[in-house]
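The values are calculated or read from the model by the stated rules, or taken from the named source; none is laboratory data. Everything quoted here is computed from the prediction, not taken from an experiment. No Cβ is skipped: glycine too gets one built from the backbone with ideal geometry, and neighbour counts run over all protein chains shown. Just the protein is used for accessible areas: all its heavy atoms, side chains included, with ligands, DNA and RNA removed. Shrake-Rupley method; radii C 1.70, N 1.55, O 1.52, S 1.80 Å.
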Amino acid sequence: MASPSTVLITGILGQDGSYLADHALRLGYHVLGGIRGEPTPDRTWRLRHLGIHEQVSYIPFDLGNADSIHTALRQSQPNLIFNFAAQSSVGDSFKMPVQTAESGGMGALHIFEYARTADHPCRVFQASSSEIFGDITDSHHSEDSVFNPKTPYGATKLFAHIMAEAYRASYGTHVSTGILFNHESPLRGGNFVTKKITKSMVAVKQGRMSSFSLGNLDARRDWSHAKDFVDAMWRMLQLDQPDNFVLASGQLTSVREFVNLTAQALDMKLDWQGTGTEERGVDTKTGRTIVQVNPEYYRPYDPAQPLADVRKARRLLNWSPKHSLTDLIQDMVRFDLSHDI
Ligand code: GDD
């Protein structure tokens, strides 16, 4: 029987999993990472960066394989499960809809089923996404807004989200969901736009790159620091009643403005010239083009993100974010200036 304070984290090698592991270890919990494959140095860099790799135990866990999930859970008997593992790129979900659905949808369901049938108390956090909203239907989107996803990723996340509600209503299972708007950090993967921007702008500043390309510069997102979200997720599982919570900052910023803020953090300034695919960001000091538009990075469907209503999380979780967008960008830039990851 595992100790009464075992936390199992799926997706522990990713951004949220790593910060959550750090949070749980600081609180004295035993942290188990459910992973597919080996914990090789190139895959565990985030945990190593946080200095916690040695404190984490690993267990084989394949979200695409029901037997692997149930075996891992029966062996480890966790009291808290944080389910982050999934194909997490909306962009990639257009290229691999089936794998996205299998890991993100059925994988989550097997975890809920374990929590329902376990002979010990087991609470689950499920990472939902703002992608489940799809089209904008309200001035501010809350836990009660209409869900109408249009991307394979959003549809998968909605399946798991509604299953979590069904398990709560049908069986009283303690599953909470965080409807997560975008959350970033120095540990963000380079396939997401924020990391691509900070990393590329730092490379330009250091003379290692002359320019880089982005897709939709007008896309607006609500970006928060992942550390703030991890704090809120932990609070969710401390509540007696499981529930759904929107996590966001409540502020939308365009990709173009994120580039400007990154430039500012690097003591640079860009002048935007041209429109559409001809638009480019020119360094006002050197006159060189740093940012171009490449339609290859456009998505088949790129819904506008709604404004978030975060009042419920602030009230019931007694939570408020500690980092502003400027803090987040400075944190990312500081990291990228001294690491090439
Ligand atoms: N990745 C990427 N690369 N996105 C770009 C680029 C580019 O070169 N240029 C513009 N964008 C735009 C995308 O079209 C999108 O509108 C926006 O930047 C943000 O893209 P991502 O950083 O890839 O994040 P996302 O919003 O699609 O998804 C993230 O947030 C969701 C929550 O809202 C992921 O973290 C999801 O897992 C998460 O659920």
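The distance from the alpha carbon centre of the stretch 127-200 to that of the stretch 1-48 is 21 Å, rounded to a whole number.
Neighbours of THR173 by Cβ distance under 11 Å: Lys/Arg scored +1, Asp/Glu scored -1, total +1.
The relative contact order of the chain comes to 17 percent, based on Cα pairs under 8 Å that sit 6 or more residues apart.
For a straight C-alpha distance cut-off of 26 angstrom, the lysines reachable from LYS205 (same-chain residues fewer than eight places away being disregarded) are LYS195, LYS196, LYS269, LYS285. What net charge is computed for the residues neighbouring LEU239, neighbours being all others with C-beta under 13 Å from the C-beta of LEU239, Lys and Arg scored +1, Asp and Glu -1? Neighbourhood net charge equals +3. Of interest is the spacing of the C-alpha centroids, which for the stretch 319-341 and the stretch 229-243 amounts to 24 Å.
If you roll a 1.4 angstrom probe over the protein chains with everything in place, what fraction of the accessible area of the chain belongs to carbon and sulfur, to the nearest %?
48 percent
Think of a 1.4 Å ball rolled over the protein heavy atoms: the chain then has 44 Å² of accessible area per residue. The Cβ shell under 9 Å around ALA248 holds other residues with a net charge of -2, Lys and Arg each +1, Asp and Glu each -1. Of the complete DSSP H runs in the chain, none spans 27 angstrom or more by Cα along the long axis with a mean Kyte-Doolittle score not below 1.6. When the alpha carbon gyration tensor of the stretch 1-111 is reduced to an equivalent ellipsoid, its three semi-axes come out at 23, 17, 11 angstrom, largest first. With each label modelled as a point 7 angstrom along the Cα→C-beta vector, the LYS150-ARG315 pair spans 3.2 nm.
Legend: calculated FRET efficiency, ASP267 to SER170, from the Cβ-Cβ distance at R0 = 41 Å, rounded to 0.05, equals 0.15.
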